[in-house]
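Enquirer: Before I ask anything, here is the structure I am working with.
Computed from the coordinates by the stated procedures, all read-outs in this text should not be read as laboratory data. What you see is a predicted model, and the numbers here were worked out from it, not measured in a lab.
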Amino acid sequence: MGRAVPVTTGHWALEEPEDDAPTGAPRSVRRAQRFLEIVDAIAAANRPLLPTMTEKYFRRMVLRMAEHQLLYEEYQRGRS
């Protein structure tokens, strides 16, 4: 198995209002953008594993890891 790679970034840890960020983007849009950032980072970090599994399994693995990371980041923001 590959090793875990942290994908947290400092800019997302800042507390933002529930409704709209200073950029005016709705929270759901910011969440979706962050999810895509996490997916890109995890896919890049685990690219060496791709030849060892099917592409379908690789995509599922990356999406599952990204979901967990996003939930963890949201949990951490809620605790501060």
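Enquirer: Just to check I understand the Karplus step: with θ = phi - 60° and J = 6.51 cos²θ - 1.76 cosθ + 1.60, what whole-Hz values come out for segment 28-35, glycine and proline as x?
Expert: Using θ = phi - 60°, the values come out as 5, 5, 4, 5, 5, 5, 5, 4 Hz.
Enquirer: When the scattering of segment 21-80 is computed by the Debye formula from its Cα atoms alone, each counted once and equally, what is log10 I(q)/I(0) at q = 0.13, 0.22, 0.23 Å⁻¹?
Expert: -0.42, -0.88, -0.93
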